[in-house]
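Comments concern the structure below.
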Amino acid sequence: MSDHLILYTNPQSRGCIVRWMLEELGLSYRTEVLEYGEPMKTTEYLTINPMGKVPTLVHGERIITEASAICVYLAEVFPEAELAPMNDDERANFYRWMFFAAGPMESAIVNKYIFGEEAGADKQLMLGYGSYQLALDTLSKVIKSGPYILGERFTAADVYIGAQLEWGLQFGTIEKRIEFQEYVECLSKREAFQRAHALDKALIEEVNEV
């Protein structure tokens, strides 16, 4: 299979997470920028991602969608970067926190942002995250146990969760807890993080100039 990688993204989307992951891996890839609206709904793109959204990663003949799934896939397919779990203990925590962040945590944050109020106690039993505060308190515990999600070793879990926290702190959808701020500050010093941000910033500036 070809190792050719294509990232379909928008610089103001979750595609930024995947770009950071690709930069951490040091991989060569092509970027296809799609504007929101009709460019994401063309017949051609819908054959790649029927949801008509970004990010999408095409790796040879393989198509991977959802930022968390793309990060896990890349970590496992390119193990030389050591961003995937390396033993069963790491694997348990890696999948536990990746799927917590992609499921309960993101749902709690988005629902709180959209609806503004917590669901009543009778409704919280139906929610996968219970409450916004419970989700953040749970995340706080794993961040405090750091310095990284798996302890002493940086992995794709830090890319995904770190990106979510950076975005949430920036736009006010996540409480500015000291442990979150220190964690994001630490990750933001990584060269791959800075390269990825510079690339997306340049794309945003390019679009604004048009």
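The values are calculated or read from the model by the stated rules, or taken from the named source; none is laboratory data. Everything numeric in this text was worked out from a predicted model, so none of it was measured. Using ideal geometry, Cβ is built from the backbone for each residue, glycine included, and neighbour counts are taken over all protein chains shown. In case anyone asks, the SASA skips ligands and DNA or RNA and just uses the protein heavy atoms, side chains included. Shrake-Rupley method; radii C 1.70, N 1.55, O 1.52, S 1.80 Å.
Of note:
- For semi-axes √(5λ) of the Cα gyration tensor in Å, calculated from these coordinates, the label among (i) 27, 22, 17; (ii) 29, 21, 16; (iii) 25, 21, 14: (i)
- Entry note, the chain: the mean residue ellipticity at 222 nm calculated from DSSP H runs of n ≥ 4, each adding -39500 (n - 2.57), is -16500 deg cm²/dmol after division by the residues and rounding to the nearest 500.
- Distance cut-off 19 Å, percentage of C-alpha pairs in region 92-195 lying past it: 41
- Per residue, the chain exposes an accessible area of 54 Å² to a 1.4 Å probe, with every protein chain left in place.
- Rg(Cα) / (2.2 N^0.38 Å) computed for region 1-102, rounded to two decimals: 1.11
- FRET efficiency estimate (nearest 0.05) - Cβ-Cβ, Met126 to Ala202, R0 45 angstrom: 0.55
- Relative contact order of the chain, pairs being alpha-carbon contacts under 8 Å that are 6 or more residues apart, as %: 23
- Shown for the chain: lysine pairs separated by 8 or more places, or found on different chains, whose C-alpha atoms are under 23 Å apart, numbering 12.
- Taking N as its residue count, the alpha carbon Rg of region 55-135 over 2.2 N^0.38 Å: 1.38
- Kirkwood hydrodynamic radius (C-alpha pairs) into Stokes-Einstein, region 160-210, 37 °C and 0.692 mPa s, D in µm²/s: 274
- Accessible surface of the chain [probe 1.4 Å, protein heavy atoms]: carbon and sulfur percent: 53
- Applying 1/(1 + (r/R0)^6) with r as the Cβ-Cβ distance of Arg153 and Gln181 and R0 = 30 angstrom yields a FRET efficiency of 0.90.
- Heavy atoms of Lys53: accessible area, 1.4 Å probe, square angstrom to 10: 70
- Using the Cβ-Cβ distance between Glu35 and Met86 with R0 = 30 Å, the FRET efficiency computed as 1/(1 + (r/R0)^6) comes to roughly 0.15.
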